[in-house]
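Everything below concerns the one structure shown next.
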């Protein structure tokens, strides 16, 4: 199944603040293999297929290092088409000596690392959705060790050059200040479904039965403050919607919650994580 098409509400694009645009572009191009679509002054757009923006890198005036113990980005996650693609990028990272963490979530296999500013990145491959286990509307996910030997066992070593062109933004995981308030915002305001819970510390939400399009946690502390607009981290993300009616319905629900939606469809969640309500033209 495709959980990232125009029929599904999903995160399609992320914009990050960075402290050194040249350094960040070098990392995202040479280490991950994204392509620069365009660059103008202090902002650049990156893509997997050379056409569709997945990531913006923006260097603010008076850029500051990433702040700790704030709301904002935990990680963004690039979804690869196949498990073999994940094996290839793991081999590539091993060759260049990039430190990574990893996990088997049952629904997916994933690796984790940071960009030069400490912005968290996940790269993962989904297991077949028919093999996910659901109980009372919640999907079973774990944090088990990733079996690297099994992952790369049947994959021949190859010269790696870039992520596949059909790589997409799989999900986004955010630090928030208050979990119940956040749940109300994303479920009652945006109409998304809670599909997994981790104690009273994190929840995972999605549309159309995906294991999660957004993760939300209070691991930086209940009541965490938003970071400075000049610090490295999340600038905003794009939530792509199926059609204009979906957007108008969202706006109506958000307004009932006393949430402001700007004329250009920008919204802030209760932790001041900014996002754009986007309808493809």
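Points worth noting:
- Filtered by the rule that a residue be out of contact with any helix residue (DSSP H, G or I) (no Cβ under 8 Å at 6 or more places or on another chain), without any contact (Cβ under 8 Å) to a residue 40 or more places away in the chain and farther than 21 Å from residue 171 by Cα, region 22-69 gives 22, 25, 26, 30, 37, 38, 40, 41.
- Among (1) touching a residue at least 60 places away in the same chain (Cβ under 8 Å); (2) within 24 Å of residue 68 (Cα to Cα); (3) surrounded by 14 or more Cβ atoms within 10 Å (Cβ to Cβ); (4) within 20 Å of the chain's Cα centre (by Cα) - the single one residue 218 does not satisfy: (1)
- Scanning region 117-137 for residues that are over 14 Å from the mean Cα position of the chain (by Cα), farther than 18 Å from residue 27 by Cα and surrounded by 20 or more Cβ atoms within 10 Å (Cβ to Cβ) turns up just one, 126.
- Members of region 188-202 that are assigned to a loop (DSSP other than H, G, I, E, B), in contact with a strand residue (DSSP E or B) (Cβ under 9 Å, 6 or more places away or on another chain) and closer than 19 Å to residue 142 by Cα: 201
- Each residue in region 116-168 was checked for being assigned to a loop (DSSP other than H, G, I, E, B), in contact with a helix residue (DSSP H, G or I) (Cβ under 7 Å, 6 or more places away or on another chain) and modelled with pLDDT under 95, and 4 pass.
- Complete set of residues in region 241-255 that are in contact (Cβ under 8 Å) with a residue 40 or more places away in the chain, assigned to a helix (DSSP H, G or I) and either surrounded by fewer than 12 Cβ atoms within 10 Å (Cβ to Cβ) or in contact with a helix residue (DSSP H, G or I) (Cβ under 6 Å, 6 or more places away or on another chain) (or both): 253, 254
- Taken as a whole, the condition of being within 17 Å of the chain's Cα centre (by Cα) and touching a residue at least 40 places away in the same chain (Cβ under 8 Å) applies to residue 192.
- Total residues in region 180-195, condition out of contact with any helix residue (DSSP H, G or I) (no Cβ under 7 Å at 6 or more places or on another chain) and under 15 Å from residue 268 (Cα atoms): 7
- Meets criteria (in contact (Cβ under 8 Å) with a residue 24 or more places away in the chain, more than 28 Å from residue 85 (Cβ to Cβ) and in a loop (DSSP other than H, G, I, E, B)) for residue 19: yes
- Among the residues of region 221-248, the one identified as under 19 Å from residue 188 (Cβ atoms) and under 12 Å from the mean Cα position of the chain (by Cα) is 239.
- Residue within region 267-281 that is in contact (Cβ under 8 Å) with a residue 40 or more places away in the chain, surrounded by fewer than 17 Cβ atoms within 10 Å (Cβ to Cβ) and under 30 Å from residue 127 (Cβ atoms) present: yes
The values are calculated or read from the model by the stated rules, or taken from the named source; none is laboratory data. Keep in mind the model is a prediction, meaning the values are calculated, not measured. Positions of Cβ are generated from backbone atoms using ideal geometry, with glycine treated the same way; all protein chains shown enter the neighbour counts.
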